[in-house]
Amino acid sequence: MRGLFLVSMMVFAGMTDASEAFLESFAISPQAASQIYGKQYSRDILRGVTIKDVYKYNDLWTTALGPAYANIVEQASNFLKCSPPKGRPFSYALCYYSGPLQPTGSDPQNPSLPCKLSKDGKVANCTCLAISNTGVGAKAPYLVDINAVSNLYVYNESIEACGKDGSQCPSTDPEAPVCEAINTNLLVPGADLISVFSPLYNSDYSSSSPPVTQCSGLYAGCMTAPCQKTGQYDAQGNELVNCSCPVYTGPFQIGQANQNCDANIQANGTKIKGNTQYVWSAAYNPGNQPLPLPLPDATCTPDQAGKNGCPLYNPNKPVPTQVVDPNSQLCQNVCASYQNSTPVTPGLQVGFTCDSTLCTTIGIGQGKGYDPSIKAQAALAGQACQGVGQIANFAQVALVESLANCSCCASQVCGCATPNAQSNQAISVLNQSQRNNSIEPQCDINGTLCGKP
């Protein structure tokens, strides 16, 4: 692993007071963190590498506007796209919509996601949504602001590989070093998961245009902050985690329209009483644009919700063979993956079932009637995509979608053989379940992946 090799060479750095304070701020002592990292870096430790060699808190001013924990995004290329790992469970946290005690957003089922300011005022303990690669987040990439990487060594590796603005890493292949560190849980010692950005909940929080509120003051910068599992879930079954986010004072944008910049002001205009203070989890784009900015070097991103996501397969606009040739070895590999994609349930081709459900469930191709509950979205995607990351040539499936600029479409683009009877039956059931939850399946949109009862 490139990142581990580079980190193992850093044998002269020591842990600073800022590093120790940051670890202690989320109830992890440097000693405990050393034990946790010890297991993950066991081979390197045998060569003399210690916790002091592999972790140092990044308090550099990564832009002229503020330090890493200010979460500054100056241009689209600052967002690095990361693919969730395949073949094993993996989760990341989404804190961008956290802040007040009361629920916010356009969906009445949204949970309370408060960010409580610590007594010393240095961090905010934010309740955040967890997104797993076994459910809705199975194929959709997550985004990391290169300016906000909290591990100094990983930050330096990332700007060396991707450029200071991230423009040299416009896609998920090869992975940026920070993606590798997050996917292997080596970014912050002691963290169960890391806070990043995902557009998967955009429709639940951003119904107005522009979907931001301009503010100035104290806010929590949660990008790449460490998070701990709490064992708690909201009423819709979504996992909730606690993330320890450094705070910063300056201009910022809330990722929702028409919000009060003071997170302590309730919806009825009254201020919360008591000693607990709340702050928004936020970021700052000096161009006052909503985040994430349009992604670089591509017209769209496959399997991603929101305006940056690629559309579904359009049978009336076939992909040119010079872009993706159905007779190529690439497509042969992809089709073999779909036909043999039975990692969990024998005989059930999860590549097909996932494509039939995932993208439409997260809102791609949907009209004004689209209004499923988060619980329904998670349940459908989890049922359809269980084990999809374990299929062979998964990266090549994603490559076809990227080349063709479409979502959940690799089997259609490559002209793969139809699913087997068991998978067709499952697709038929999933399609009807989508309709029952105000989701229009691909079958009704483009006439593909219809299944058979």
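The values are calculated or read from the model by the stated rules, or taken from the named source; none is laboratory data. Everything numeric in this text was worked out from a predicted model, so none of it was measured. Please note: Cβ atoms are built from the backbone with ideal geometry, for glycine as well, and neighbour counts cover all protein chains shown.
Brief remarks on what is shown
- If you go through the range 300-338 and pick out every residue that is in a loop (DSSP other than H, G, I, E, B) and among the β-branched types (Val, Ile, Thr), you end up with 4.
- Within the range 87-104, the set of residues being over 25 Å from residue 139 (Cα atoms) and assigned to a loop (DSSP other than H, G, I, E, B) comprises 100, 101, 102, 103, 104.
- Among residues of the range 55-76, those that are surrounded by fewer than 21 Cβ atoms within 10 Å (Cβ to Cβ) and touching a residue at least 40 places away in the same chain (Cβ under 8 Å), counted: 9
- Residue 166 outside any helix (DSSP H, G or I), crowded, with 24+ Cβ neighbours inside 10 Å and in contact with a Phe, Trp or Tyr (Cβ under 9 Å, 6 or more places away or on another chain): yes
Residues are listed down the side, and each one gets a yes or a no for (1) within 19 Å of residue 82 (Cα to Cα); (2) among the acidic types (Asp, Glu); (3) in the same structural domain as residue 133 (by TED's automatic domain parsing); (4) buried (at least 22 other Cβ atoms within 10 Å of the Cβ):
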| residue | (1), (2), (3), (4) |
| --- | --- |
| 356 | no, no, no, yes |
| 359 | yes, no, no, yes |
| 370 | no, no, no, no |
| 375 | no, no, no, no |
| 381 | no, no, no, yes |
| 384 | no, no, no, yes |
| 393 | yes, no, no, no |
| 403 | yes, no, no, no |
| 409 | no, no, no, yes |
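- Selection status of residue 246, touching a helix residue (DSSP H, G or I) at 6+ places or on another chain (Cβ under 9 Å), in a loop (DSSP other than H, G, I, E, B) and either farther than 30 Å from residue 152 by Cα or assigned by TED's automatic domain parsing to the domain that holds residue 91 (or both): no
- Residue match in the range 279-299 (condition: more than 26 Å from residue 81 (Cα to Cα) and either assigned to a strand (DSSP E or B) or touching a strand residue (DSSP E or B) at 6+ places or on another chain (Cβ under 9 Å) (or both)): yes
- Helices (runs of 4 or more DSSP H) contained entirely in the range 395-453, each with at least 3 residues that are within 16 Å of residue 385 (Cβ to Cβ): 421-436
- Residue count for the range 230-243 satisfying the condition of being within 21 Å of residue 191 (Cβ to Cβ) and either of a type in the set (A, V, I, L, M, F, W, C) or assigned to a strand (DSSP E or B) (or both): 9.
- Number of positions in the range 422-453 that are under 18 Å from residue 348 (Cα atoms) and in contact with a Lys or Arg (Cβ under 9 Å, 6 or more places away or on another chain): 4
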